[in-house]
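J.: What follows is a structure written as structure tokens; I'll ask about it next.
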Amino acid sequence: MTLLLAGFGLLLMWWLGRNALRRSPATTTRLLRRIGGYAALAAAGLVLVRGRPELGVILVVAGLWLLEGDAGLRHRWSALSRRVRGKLPLQADLDRRHAGRREHAEADADPRSRRPADPGAMTQEQAYEVLGLERGASLEDVRTAHRTLMKRLHPDQGGTAEQAARVNAARDRLTNRHR
């Protein structure tokens, strides 16, 4: 890959020496800035894909500066900052719109970190009822009923954590009977 890029660079320098440098200096400068700008944007894309966002941002800014100059870069920056200021309200504005938002946020810092509610002690009859089985079902029937219910009631499939915990408790109660 490096040899290919080096060959492309040499070919580009040869072409510039033969064709572009014979033109007027202003045209040559414009052409070199355009080539440098596009090269910087291409390098920024490559660097961003490789996982280096800080270097990618620097290369994007350099590429835009080469392509558009100082005035174009200032125009883009002011448009971006106006857009961001319009979309991000201040803390006071958020407090006015949503009065109790800070109290709710501090009450439960990470609601996803809690374990599902314990379904409590379950009798065998309740376990059979939860799984939709008749008393005396085989171990294979219990596993099949559990699997089909979990496909429907799992939190990733639209169910709740409490429903899934109840189905798991019923399965545990009935499979422990068979041990």
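J.: Report, by residue number, each residue of segment 25-39 that is at pLDDT 75 or above and of a type in the set (Gly, Ala, Ser).
T.: Scanning segment 25-39 gives 36, 37, 39.
J.: Look at residue 131 and say whether it is at pLDDT 90 or above, out of contact with any Gly (no Cβ under 9 Å at 6 or more places or on another chain), surrounded by 14 or more Cβ atoms within 10 Å (Cβ to Cβ) and of a type in the set (A, V, I, L, M, F, W, C).
T.: In short, yes.
The values are calculated or read from the model by the stated rules, or taken from the named source; none is laboratory data. Keep in mind the model is a prediction, meaning the values are calculated, not measured. All Cβ positions, glycine included, derive from the backbone under ideal geometry; neighbour counts span all protein chains shown.
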